[in-house]
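Colleague: Pasting in a structure now, in structure tokens, and then I'll have a few things to ask.
The values are calculated or read from the model by the stated rules, or taken from the named source; none is laboratory data. None of these values were measured; they are calculated from a predicted model. Virtual Cβ from ideal backbone geometry, glycine too; neighbours counted across all protein chains shown. Ligands, DNA and RNA are stripped out before the accessible areas are found, and what is left, the full protein with its side chains, is counted by its heavy atoms. Shrake-Rupley method; radii C 1.70, N 1.55, O 1.52, S 1.80 Å.
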Amino acid sequence: MKLYWFVVSQGRILGLLFLIGWGLGIFYDLVRVARRLFGVGKWVADITDVLYWMGVTVVLWYAQNQAAEGVVRFCQLLTVAFGMILYYSILSSKVLWVVYTPLHFFGKQFRRLYRYTIGRVIDKCAQAEKRMAYEEAEKKKEKE
């Protein structure tokens, strides 16, 4: 009976790590959506990748310590990788589309709203400031 519970607990650990792999894949897709929306450069993308993998390391270390009582097995790491690979091959493109499309749409609408309201006010203030500076320059020329 002791062997049965050992096998069941190992199966539970592998299932948990498989789901963690899916969760890490979803989180990375959210990072990819944020990069696309904000149009970041190569250096920022590289930095976010490093930060992502540092976070993955912390999550895996914590999950391994909690679920497997600190016992790290190579098959557990392979299970996480398998979960991520399976997520990317099956759902990644769909999740990217579902998340990116509405955010992109609302971002466009927000930019339009900004451009036609606040943007115009800022433009008019800038034009008035330029006009005042030009008039002051003209007055100085007349005095000379």
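Colleague: What is the spin-label model distance, in nm, from Lys108 to Glu136 if the labels are put 7 Å beyond Cα along the C-beta direction?
Modeller: Label at Lys108, label at Glu136, 4.2 nm between them.
Colleague: So for the pair Lys124, Phe6, with labels modelled 7 Å out along Cα→Cβ, what separation do we get in nm?
Modeller: Calculated label separation equals 7.9 nm.
Colleague: How far is helix 2-38 tilted off the main Cα axis of the chain, in degrees rounded to 10, range 0 to 90?
Modeller: Helix 2-38 sits at roughly 10 degrees to that axis.
Colleague: So if R0 is 25 Å, what FRET efficiency would Tyr116 and Leu37 give, r being the distance between their Cβ atoms, rounded to the nearest 0.05?
Modeller: Details: r = 21 Å, r/R0 = 0.83.
For Tyr116 and Leu37, the calculated efficiency is 0.75.
Colleague: Something else now. State, as an integer percentage, the relative contact order of the chain based on alpha-carbon contacts under 8 Å between residues 6 or more apart.
Modeller: Reported relative contact order: 39 percent.
Colleague: Among 11-24, 88-101, 116-129, how do they line up by average Cβ neighbours within 10 Å per residue, starting with the highest?
Modeller: Highest mean packing first, the order is 11-24, 88-101, 116-129.
Colleague: Quick one: if you stick a label point 7 Å off each Cα along the C-beta vector at Lys143 and Glu69, how many nm between them?
Modeller: Once both label points are built, they end up 8.7 nm from each other.
Colleague: Count the net charge of all other residues whose Cβ sits under 12 Å from the Cβ of Lys130, scoring Lys and Arg as +1 and Asp and Glu as -1.
Modeller: Taking every Cβ under 12 Å from that of Lys130, the sum is -2.
Colleague: Another question about this same structure. Report the calculated FRET efficiency for Ser89 and Leu19 (r = Cβ-Cβ distance, R0 = 25 Å), to the nearest 0.05.
Modeller: The pair Ser89/Leu19 has a calculated efficiency of 0.95.
Colleague: Protein chains only, probe 1.4 Å: how do Arg131, Arg35 rank by accessible area, largest first? Show your work: numbers first, answer last.
Modeller: Numbers: Arg131 135, Arg35 45 Å².
Order by accessible area, largest first: Arg131, Arg35.
Colleague: Between beta-carbons, use under 15 Å as the cut-off and find the net charge around Ala45, counting Lys and Arg +1, Asp and Glu -1.
Modeller: That works out to +1.
Colleague: Report Rg(Cα)/(2.2 N^0.38 Å) for the chain, keeping two decimals.
Modeller: 1.86
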